[in-house]
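Shown next, in C-alpha cells, is the structure this report addresses.
Rule-based calculations on the coordinates, nothing more; no lab input. For clarity, every value in this text was computed on a predicted model and none was experimentally measured. When we count neighbours, we look across all protein chains shown, and the Cβ atoms used for this are built from the backbone with ideal geometry, even at glycine.
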Amino acid sequence: MAGTDEEAVAAADDALYVLTAVLLTPAKFPSVLGDDYPEACAALGLAPLAEGYGLVLGQDGDGARWTVVIDDVSLVAVAIASWDCGMEYDLSPDERTVVAALPGWPLAVAVAAPNVPPPHDPDPEIADGPPLAPPDTSVWGPAQRRLGADEIALQWATWREQIDDDAFAAAGSAAAGTGAQKESEQAEDGEQGESKPAAQGGHSGIRRVLAEARAYVDSPPPLGRVRSSFASGDARTLRADGPGWSLVARTDDIAFVLLDDEPGEVLPVGRGPELPGLLEALDKMAVRPS
C-alpha cells in the first residue's frame, strides 16, 4: 500500500494543514472513485473494512498534498457536519487512528493552505509510491457519469420540474419518457441543457438498467452499489450503480438513468406499473447511513 511506511506517515502528520475531509464508508463514499464501496477503497489501496474510514486531505509544511486515512469515522463525520453548518471545527486526528498517509489527493480540492507553498505532489523519496490524483472528468466516462448522478440527487427538484408527467402516460411504459440533456461538463458545475424528447416505446439502455437493478434484489451486489438516504416526507433517495450506468430515484416518484454509452444524457424513467415495486425492493436491501 502506497504511503504506509513510517517516513510517509511522519511527513504527513508533521504540521498537516487540513483543507477538507470526506467519509469512505459503505453508505457514503466519493462515488467518483467507483461504483461501489470496495471499488472506491481499491482506488486508494485500502481494504474495504465494514466500519469504513475518514479521509483527511491537507498539505504539509512544504505545501505537499497528503491524504491521511483514519479509522475514527465518527470524528470525520462530526467535522463535516460542523462545517456544513458553517461552524468551525478543528479536525486533529489522534496519531493512533492513522491507518495510512497517502501522497496526493484522490479528489479535486479548490482551496489551499495559507502561508505555505502551492499544492504539489510530495517528494517521491518520501511518498513511497505514485501520488493519488482525481479521476479525469474532462470527458464523459464512468467518473463523470457518477458525478452527474450525484448532482441529480442533490438538485432533485430542479431536475424533476423539467419532466412532463403526461409524456410518461402517453408512452405507457416505465422505460419511456422525455430526455433531459445535460452538457458533458463536470457535474459539480450544475449546468443543465435544454430538455428534448427521447424515443417513445422504450429505451434499450433503460431496459437493461432496470433488469440489472432487479437482479440486485435476488443477488446482492458489492457493498454500497445500492444506497438509500434521507429525502423529504416519508420518501427516500435511492442511488444504484452498475457497469456503465447510474440510477437516481425517489421512492415516491420517478427515476433518472445515466449511461456511459450516452454522453451527457439524463434519461427519466416513469413510475409505470413496475418502478414502484422495484424501488421499494431496492430500498429494503440498500445500505443506509448509520
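Would you mind checking which residues have amide H under 5 Å from L91's amide H? H placed 1.01 Å from N; only 5 or more apart, or other chain.
It is none; the list stays empty.
Multiplying the sequence separation of A15 and M87 by 0.36 nm and subtracting their Cα-Cα distance, what value in nm do you get?
Working: separation 72, 0.36 × 72 = 25.92 nm, distance 2.23 nm.
Answer, rounded to one decimal: 23.7 nm.
Using the Karplus equation 6.51 cos²θ - 1.76 cosθ + 1.60 (θ = phi - 60°), what ³J(HN,Hα) coupling, rounded to whole Hz, does each residue of segment 49-60 give in order, writing x for Gly and Pro?
5, 4, 6, x, 9, x, 10, 10, 9, x, 10, 8
Using a basic spin-label model with each label point 7 Å from the Cα along Cα→Cβ, how many nm lie between L107 and S204?
3.7
Between T25 and residues 5 or more places away or on another chain, which pairs have amide H atoms under 5 Å apart, with H built 1.01 Å from N, and which residues are they?
Y53
Please turn the phi angles of segment 240-256 into ³J(HN,Hα) values with the Karplus equation 6.51 cos²θ - 1.76 cosθ + 1.60 (θ = phi - 60°), one per residue in order, whole Hz, x for glycine and proline.
Here the 3J(HN,Hα) series is 10, 10, x, x, x, 8, 9, 10, 10, 8, 10, 4, 9, 8, 8, 10, 10 Hz.
With θ set to phi - 60° and the Karplus curve 6.51 cos²θ - 1.76 cosθ + 1.60, what are the ³J(HN,Hα) couplings of segment 69-75 in order, to the nearest whole Hz, using x for Gly and Pro?
So the J values, rounded to whole Hz, are 9, 10, 9, 8, 5, 5, 4.
Using 0.36 nm per residue, how much length does the chain from H120 to M285 gain when fully extended, once their Cα-Cα distance is taken away? Mind showing how you got there, number by number?
Values: separation 165, 0.36 × 165 = 59.40 nm, distance 4.19 nm.
Length difference between fully extended and current span is 55.2 nm.
Give the residue from A127, L44, T25 lying farthest towards the positive end of the charge dipole for segment 1-143; charges sit on Cβ (+1 for Lys and Arg, -1 for Asp and Glu) and the dipole is referred to the Cα centre.
Of A127, L44, T25, it is T25.
Check which residues have an amide H placed less than 5 Å from G104's amide H, if you skip close sequence neighbours.
The list, which skips near neighbours in sequence, is R65, W66, T67, L132.
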